Amino acid sequence: MSQPLSAIVTTLNNAATLGKCLASLRFADELLVVDSGSSDATLAICAEHGARVLHHPFAGYGPQKAYAASQARHRLVLLLDADEWLPAETAAEIQRLLRGLPEDGGAIAGWRLPRREQIFWQYQAPGTRLNRYLRLFDRQRFRMSANPVHAAPEVDGPVGEIQGCFVHDGEPDIHTKVAKINAYSSGLVADKLARGSRWAKLRCIVYPPFFFVRQYLFKRQFVNGWAGFVQSVVGAFYVFLKYAKLDEARRRRTDA
């Protein structure tokens with residue numbers, strides 16, 4: 001007998017991508033959406049796909065997802081963002097996994113999946129080294145990390161691997177990507193100040209070129225042609241912005 005699964009998604013005005021996300025999760029025993037005040041067609045799309053909708057004011061990226069997991073009806077939870085979706089072969093692999101689990105869920109507390117990214121005008125090509133993210137987990141052994149922007153699930157216990165990927169329909173153009181990294185880098189400043197991050201200027205100089213080489217060569221972004229090159233440059237710029245803004249914030253605090 002297959003272990004039941006709750007699929008959870010948090011939303012705010014995600015009508016452009018949500019339908020594809022929810023359609024890819026139709027195999028789940030529960031489809032739970034936690035919405036923080038959408039004014040577009042998001043709620044209508046939830047109704048079309050039979051999702052249970054809870055309304056909850058936005059509490060931050062991590063706390064919002066933690067609340068959603070706490071409201072799931074089943075122990076095993078699959079977490080996606082509203083601009084992410086599962087290919088059919090990955091959904092089938094997860095279903096096979098669920099059928100093989102014991103009634104208590106087994107020793108493994110969570111599973112990582114590789115994420116295939118949209119990079120501007122194309123998806124990452126085969127041969128790109130994909131990042132892996134923990135998205136399927138036992139909610140009784142789960143917590144969200146404290147990062148204010150890039151909060152991620154963590155579990156107490158062993159983590160397994162799923163071979164099938166999930167897909168991120170992220171930034172369709174360079175403008176959107178740069179706007180996002182500008183917002184994210186600003187959102188990280190207070191956390192870095194609180195943690196006492198050091199050597200901001202040195203990191204501005206050293207880390208961006210290292211990041212570019214790691215992404216373009218070792219993560220094999222070069223197989224994505226010009227899009228992969230631009231993605232690697234923008235990623236290096238994001239690294240630069242994080243520490244340049246940290247140094248700027250320290251200067252302002254000292255001058256105040």
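The values are calculated or read from the model by the stated rules, or taken from the named source; none is laboratory data. Source: prediction; values computed, not measured. Virtual Cβ from ideal backbone geometry, glycine too; neighbours counted across all protein chains shown. Areas reflect the complete protein model, heavy atoms only, side chains present, ligands, DNA and RNA absent. Shrake-Rupley method; radii C 1.70, N 1.55, O 1.52, S 1.80 Å.
With one equal scatterer per alpha carbon and no solvent term, the Debye-computed log10 I(q)/I(0) for segment 1-57 at 0.14, 0.15, 0.22, 0.23 1/Å reads -0.33, -0.38, -0.76, -0.82.
Taken over the alpha carbons of segment 175-256 as equal point scatterers, the Debye sum produces base-10 log I(q)/I(0) values at 0.13, 0.17, 0.22, 0.26 Å⁻¹ of -0.45, -0.70, -1.00, -1.19.
Can you give the calculated 222 nm mean residue ellipticity of the chain, where each DSSP H run of n ≥ 4 adds -39,500 (n - 2.57) and the sum is split over every residue, rounded to the nearest 500 deg cm²/dmol? Please report the intermediate quantities before stating the final value.
Working: 8 runs with 105 residues, N = 256.
Result for the chain: -13000 deg cm²/dmol, rounded to the nearest 500.
Across segment 38-154, Cα pairs under 8 Å and at least six residues apart give a relative contact order of 33 percent.
Arrange the residues W111, W226 by how much accessible surface each exposes, largest first, with a 1.4 angstrom probe. Present the calculation step by step, with values, prior to reporting the outcome.
Working: W111 10, W226 170 Å².
Accessible-area ranking of W111, W226, largest first: W226, W111.
Which residues in segment 199-239 place their backbone N less than 15 Å from a point set 7 Å from the Cα of A125 along the Cα-to-Cβ direction? Backbone N within reach: 216-232. Proximity of backbone amide H atoms, modeled 1.01 Å from N, is registered between L101 and Q3 at under 5 Å, excluding neighbours fewer than 5 places apart on the same chain.
Rolling a 1.4 angstrom probe over the chain with all protein chains present gives an accessible area of which 56% lies on carbon and sulfur atoms.
Per-residue 3J(HN,Hα) values for segment 170-182, derived from phi via the Karplus relation 6.51 cos²θ - 1.76 cosθ + 1.60 with θ = phi - 60°, read x, 9, x, 8, 5, 4, 5, 4, 5, 4, 5, 5, 5 Hz in sequence order (x marks Gly and Pro).
Its residue count N fixes a reference of 2.2 N^0.38 Å for segment 148-191, and the Cα radius of gyration divided by that reference is 1.62. Across segment 1-151, the volume of the C-alpha convex hull divided among the residues equals 126 Å³ per residue. Once backbone amide H atoms are built at 1.01 Å from N, N14 has T42 as its partners under 5 Å, excluding neighbours fewer than 5 places away on the same chain. Computing percent of Cα pairs over 22 Å apart for the structure here picks out one of (i) 57; (ii) 51; (iii) 60, namely (iii).
Given a Förster distance of 35 Å, report the FRET efficiency between A107 and H175 from their Cβ-Cβ distance, rounded to the nearest 0.05. According to the calculation, E is roughly 0.15. Remark: the chain carries 50 Å² of accessible area per residue (probe radius 1.4 Å; ligands, DNA and RNA excluded).
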